[in-house]
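> Next up is a structure, given as structure tokens.
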Amino acid sequence: MSRDIIAVLDFGSQYAHLIAKRIRHLGIYTEIHSPVTDIQKLKKAKGVIFSGGPSSVFGDDTPAFNSEILSLDLPILGLCYGHQLIALQYEGSVENLGRGEFGKAVFETTAESPLWVGIGSSSQVWMSHGDTVTKPPKGFHVIGRTKNGPVAAMQHESRPMYTLQFHPEVKDSVWGRHILGNFVKVCGAHPGWSMETFVEEAIEAICQTVGERNVLMFLSGGVDSSVAFALLNKALGHKRVLGLFIDNGFMRKDEGRAIMERYHELGYENIKALDASKTFLEAVAGKVDPQEKRHQVGATFIKVRDQFLQQLNLDPDLWMLGQGTLYPDIIESGGTEHSHVIKSHHNRVKEVQDLMLEGKVVEPLKELYKDEVRKLGEILGLPETLVWRHPFPGPGLSINVLCDSGTSTPQDTEGTLSVLKQSVAHSDYTVDLLPVRSVGVQGDQRTYAQPAVLVGTHDWDLLEQTAIQITNAVRDVNRVVTLLSPATLPSLQTRQAYCTKDRLDLLREADALATQALVDHGLMREIFQLLVILLPLSTEGRGDCVVLRPVCSEDVMTAQFAKIDWDIVLPLADTIRKLPGIDAVFYDVTHKPPGTFGWE
């Protein structure tokens, strides 16, 4: 099929594939290329976009780049790292000013540009960078700025070459889609792609990948695996696809039974259920490191799968493994050439990768994002109750139960705490550090740091402003929470605690209370995902603390914390704190970036 193409150069950004997705949603087919690709491969494109990336343009790990690409007679758009790279290539000034911009920023246009046609002069954009372009190269002029970025956008004076420090591809950049649409117009590209087109291409790809073999599909009951299962059934037929729902003991309260009932209501008889909770609990027993826990869960899924094939006397060479892997799983696991590992996913552990090398894995959704999967589910005729179910990853609640050996050496936080207190000195909040660590993503790099906790006024906008201020100014903090219950921050210490059935059961109760609150107030569609996190923090060495983490997102790559009415949140927090063993309840007020959805 002949169609217009826009090429995306992937410098390892968490959002590189998201750029391609946004262009696809404008109806234009996209191809992702390495930064060192031969220019002959790009000549058929209508335009080229340089993605962001985790590296500094000055770093030892700076991706190799074929500078001949800049000589192509094509429109070029550089984003974040691409903005800095183009500035440096043309001898502009790029510096590390000792501060970054993460999350929301206010962007102002300062000159006319084809990119700005039809957009406002001031708008919210989404940032995630440490280096800053401080002076444009000769032949370029500045067309936009932010408070901390004097050269937040620039364009060439005679060529269709544009660069932006912010990420127009994320939904949180208010005019981002429009800006990308303007670039598509500059490229002269015409629509020729849709999700219906994807279904046709996906079915053809499944048939080619699977050949004469069959597929054993891991099912979690969630959106991704259910949609992948439906697509495999459409492509191969029910007799060649077998669904396996494994209860790993990490499910929500009463969820295993509800999942199987849902599948049977949909008419799927080619599904079997297996209770392997004891095996999974043994696999994570005594584990503290989040990455190790994820690896253990992923490896155990494969172990259980192999045992299941043996029990049914099925030839593993004739049965491929099916997974509902999405693109965010791959990129966060460091699955592209220059991307950094933010957190490993259970569907990308060594055991799975070994099967992939043997050609025994089929992942029909691996190029898609969550919102695209929901659209695909609707096209395939799945009910709204399933398509709009909240995401629930394979490791389930095991990665929401933070663990501690009780023997770790306390971190030296005096310096960080001093800077932290200075950053909120004129605010309405007192601030401290929680003695646990959580994962984050800053400048496309994985961070692992202690969260800050704010105590004071219950005002979402003020909390948001303060949290952004903290994470921009204090690089050793990637997450901010606020105390909900009790009214004053108790003295909390880490305690020895692992992922046990007792702690999982406690979390199940807290999670059920929080989920029911969303259901009762009609918020399940408004909230993209609700995570309830159990922390090994105690006042007397026996209890735990809970963090509520509801987020609003479209595609997982970025998110804003949900601002639920205080009349709902505060009574919920008091109810959760009445559960035996809960010493305090917090609310996560961090966007992504700099915090990931979960804490592990």
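> Along the three principal axes, how long is the stretch 414-588 when you take its alpha carbons, biggest first, rounded to the nearest angstrom?
Answer, in whole Å and largest first: 38, 38, 31 Å.
> Placing +1 on the Cβ of each Lys and Arg and -1 on the Cβ of each Asp and Glu in the chain, which of A584, V142, A517 has its Cα farthest towards the positive end of the resulting dipole?
V142
> Hey, what number do you get for the chain at 222 nm if only DSSP H runs of n ≥ 4 count, each worth -39500 (n - 2.57), divided across all residues, to the nearest 500?
The helix contribution divided over the chain gives -9500 deg cm²/dmol.
> Quick one: putting +1 on the C-beta of Lys and Arg, -1 on the C-beta of Asp and Glu, what dipole do you get for the chain around its Cα centre, in Debye to the nearest 20? Numbers along the way, then the final one.
On the way: 58 positive and 74 negative charges, 70 e Å.
In total the dipole reaches around 340 debye.
> While we're on this one: With the Cα gyration tensor of the stretch 195-394 in hand, convert its eigenvalues to equivalent ellipsoid semi-axes via √(5λ) and list them largest first in whole Å.
Ellipsoid semi-axes (Å, largest first): 23, 20, 19.
> So which GluC sites (Glu not before Pro) in the stretch 195-225 are both in a DSSP loop and have at most 16 other Cβ atoms within 10 Å of their Cβ? Could the numbers behind the result be given before it?
Details: sites: E196, E200, E201, E204, E212; in loops: E212.
The qualifying sites are E212.
> Still on this structure, please answer the following. Cα-Cα pairs above 26 Å in the stretch 5-187: how many percent?
Summing the P(r) of the stretch 5-187 above 26 Å gives 20 percent of all pairs.
> Now for a separate question. Shape verdict for the stretch 530-576, please, from the Cα gyration tensor: rounded (a/c under 1.5), prolate (a/b greater than b/c) or oblate.
oblate
> Quick one: which residues, 5 or more positions from G12 or on another chain, have an amide H under 5 Å from its amide H? H modelled 1.01 Å from N in the peptide plane, none for Pro or chain starts.
Under 5 Å from the amide H of G12: H338.
> How big is the stretch 1-69 by the Kirkwood estimate over distinct Cα pairs, in Å?
12.6
> Also: List the longest stretch of the chain that has no exposed loop site; here a site is one of the trypsin sites (Lys or Arg not before Pro) assigned by DSSP to anything other than H, G, I, E or B, with at most 11 other Cβ within 10 Å. Working shown, then result.
Working: sites that count: K43, K44, K138, K147, R525, R542, K578.
Segment 148-524 is the longest.
> Would you pull out the residues with amide H under 5 Å of V94's amide H, same chain only if 5 or more places away, H placed 1.01 Å from N?
It is T134, by chain and number.
> Strictly greater than 19 Å: what percent of every Cα pair in the stretch 151-276 meets that?
Result: 65 percent of Cα pairs exceed 19 Å.
> Grab every C-alpha pair in the chain, bin the distances at 20 angstrom width from 0 up to the longest one, and report whole percents.
Cα pair-distance distribution for the chain, in percent: 20, 52, 27, 1.
> Among 448-455, 587-594, 351-358, how do they line up from the highest to the lowest mean number of other beta-carbon atoms within 10 Å?
So the peptides 448-455, 587-594, 351-358, ranked by packing, come out 587-594, 448-455, 351-358.
> With point charges of +1 on the Cβ of Lys and Arg and -1 on the Cβ of Asp and Glu, referenced to the Cα centre of the chain, which listed residue (H264, A7, I568) lies farthest in the positive direction of the dipole?
My answer, from the dipole projection, is A7.
> Continuing with the same structure: Considering the alpha-carbon set of the stretch 199-260 alone, what are its Rg and its Dmax in angstrom?
13.2, 40
> Roughly speaking, what is the centre-to-centre gap between the stretch 125-143 and the stretch 236-313 when only Cα atoms are used, to the nearest Å?
48
> Beyond 24 Å between alpha-carbons counts as too far, so tell me which of K21/K293; K44/K104; K501/K578; K41/K350; K104/K563; K293/K578 fall in that bin.
K21/K293; K44/K104; K41/K350; K293/K578
> Further question on the same structure: Efficiency by 1/(1 + (r/R0)^6): what FRET value for D306 and S491, r their Cβ-Cβ distance, R0 = 41 Å, to the nearest 0.05?
Calculated transfer efficiency: 0.30.
> What is the Cα centroid distance between the stretch 474-512 and the stretch 574-596, reported in whole angstrom?
First find each Cα centre; the distance between them is then 6 Å.
> Considering the dipole of the stretch 441-600 built from charges on the beta carbon (Lys and Arg +1, Asp and Glu -1) around the Cα centre, which of Q465, Y448, A487 is farthest to its positive end?
Y448
> With +1 on each Lys and Arg Cβ and -1 on each Asp and Glu Cβ, and nothing else charged, work out how big the dipole of the stretch 92-206 is about its Cα centre, in Debye to the nearest 20.
Magnitude of the dipole: close to 620 debye.
> Also, I was wondering about something else. To the nearest 20 debye, what is the magnitude of the charge dipole of the stretch 5-187 about its Cα centre, counting +1 on the Cβ of each Lys and Arg and -1 on the Cβ of each Asp and Glu? Could you put the intermediate results ahead of the total?
Values: 17 positive and 16 negative charges, 125 e Å.
Magnitude of the dipole: close to 600 debye.
Here, each number is a calculation from the coordinates, and none is a lab measurement. Not measured: the values here are computed from a predicted model. Using ideal geometry, Cβ is built from the backbone for each residue, glycine included, and neighbour counts are taken over all protein chains shown.
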